[in-house]
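The values are calculated or read from the model by the stated rules, or taken from the named source; none is laboratory data. Please read all numbers here as calculations on a predicted model, not as lab measurements. We place every Cβ from the backbone using ideal geometry, glycine too, and count neighbours over all the protein chains shown.
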């Protein structure tokens with residue numbers, strides 16, 4: 001029997017990309033999945049797509065992580081419908097925009113993404129931990145970025161705030177571990193998603209080359225010589241959410257990058 005059969009799983013940022021693939025995987029495994037996104041049309045389309053494939057339709061919620069009041073309403077809705085009773089959570093938020101000049105980023109943009117990538121995700125963890133403590137079991141997995149360990153040009157906002165979120169996660173893991181609640185980060189490398197295509201286009205434009213030329217240059221620099229798939233991230237997330245397989249892993253950052261990140265630590 002799947003470790004995720006009837007598991008109660010919340011997936012943020014689930015309308016597309018890695019979040020969507022995570023939700024699809026867990027629904028296929030027989031979990032009771034809730035999916036959330038800021039785009040109502042896309043998250044309902046994701047629900048229909050997943051349900052059509054597996055006959056297991058996730059519950060749908062709309063939340064704007066950059067809006068504190070929207071997050072409060074989301075938590076209230078989760079309480080009304082599910083009593084905040086989840087045993088596994090995928091913390092995933094959309095990436096900030098590309099800025100060629102990091103010193104040219106307006107304060108309002110910093111604040112917006114600090115809310116979505118940091119404060120809102122912490123608020124959601126705080127809301128869900130009490131039930132996990134009662135059951136003495138829980139798993140949180142944060143979807144990070146390779147920019148946390150090797151800053152990516154043009155993605156200063158993501159580099160800084162996602163690093164801060166992992167630092168918080170590492171700190172709080174000490175307090176959650178005695179309750180058998182593990183909280184870890186997955187660090188994706190270059191994963192073939194719509195988000196990566198946007199970054200490719202912006203970077204290629206800055207360098208004055210075609211997107212195809214930039215892609216070839218990047219893939220050549222990766223030891224595996226290719227981009228990863230969203231499914232590669234899903235496999236890592238599923239491992240970290242498994243009750244037994246990951247029982248002794250917490251406060252860690254797991255790279256899924258085809259060898260892209262060359263540092264020995266972090």
Condition (residue is farther than 30 Å from residue 151 by Cα and free of Cβ contacts under 8 Å to residues at least 24 places away in the same chain) applied to the range 87-98: is it met by at least one residue? no
The one condition in (1) within 19 Å of residue 144 (Cβ to Cβ); (2) surrounded by 20 or more Cβ atoms within 10 Å (Cβ to Cβ); (3) not assigned by TED's automatic domain parsing to the domain that holds residue 149 that residue 203 fails to fulfil: (1)
Between 222, 181, which is surrounded by 14 or more Cβ atoms within 10 Å (Cβ to Cβ), over 25 Å from residue 15 (Cα atoms) and assigned by TED's automatic domain parsing to the domain that holds residue 21? 181
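Determine which member of the set 238, 201 is within 21 Å of the chain's Cα centre (by Cα) and at pLDDT 85 or above.
On the way: 201 fails: within 21 Å of the chain's Cα centre (by Cα).
Selected residue: 238, the only one of 238, 201 that is within 21 Å of the chain's Cα centre (by Cα) and at pLDDT 85 or above.
Looking for something surrounded by fewer than 19 Cβ atoms within 10 Å (Cβ to Cβ) and either modelled with pLDDT of 95 or more or assigned to a loop (DSSP other than H, G, I, E, B) (or both) - is there at least one such residue anywhere in the range 15-28?
Here is the first cut: in the range 15-28, the ones surrounded by fewer than 19 Cβ atoms within 10 Å (Cβ to Cβ) are 28.
Now narrow it down to the ones that are either modelled with pLDDT of 95 or more or assigned to a loop (DSSP other than H, G, I, E, B) (or both): 28.
Yes, the range 15-28 contains at least one residue that is surrounded by fewer than 19 Cβ atoms within 10 Å (Cβ to Cβ) and either modelled with pLDDT of 95 or more or assigned to a loop (DSSP other than H, G, I, E, B) (or both).
Return the residue satisfying two criteria in turn: it lies in the range 115-145 and is outside any strand (DSSP E or B), touching a helix residue (DSSP H, G or I) at 6+ places or on another chain (Cβ under 6 Å) and without any contact (Cβ under 8 Å) to a residue 60 or more places away in the chain, and of such residues it is nearest to residue 203 (Cα to Cα). Quick ask: steps written out before the conclusion?
As a first pass, look at the range 115-145 and keep what is outside any strand (DSSP E or B): 115-137, 144-145.
Next, from what is left, pick out any that are touching a helix residue (DSSP H, G or I) at 6+ places or on another chain (Cβ under 6 Å): 117-118, 120, 123, 127, 133, 136, 144-145.
Restricting the remaining residues to those that are without any contact (Cβ under 8 Å) to a residue 60 or more places away in the chain gives 117-118, 120, 123, 127, 133, 136, 145.
Numbers: 117: 22, 118: 25, 120: 29, 123: 33, 127: 38, 133: 44, 136: 46, 145: 17 Å.
Across the range 115-145, the extreme among qualifying residues is 145.
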Being at pLDDT 95 or above and more than 16 Å from residue 241 (Cβ to Cβ) narrows it down to one of 7, 31, 100, 45, so name that one. 45
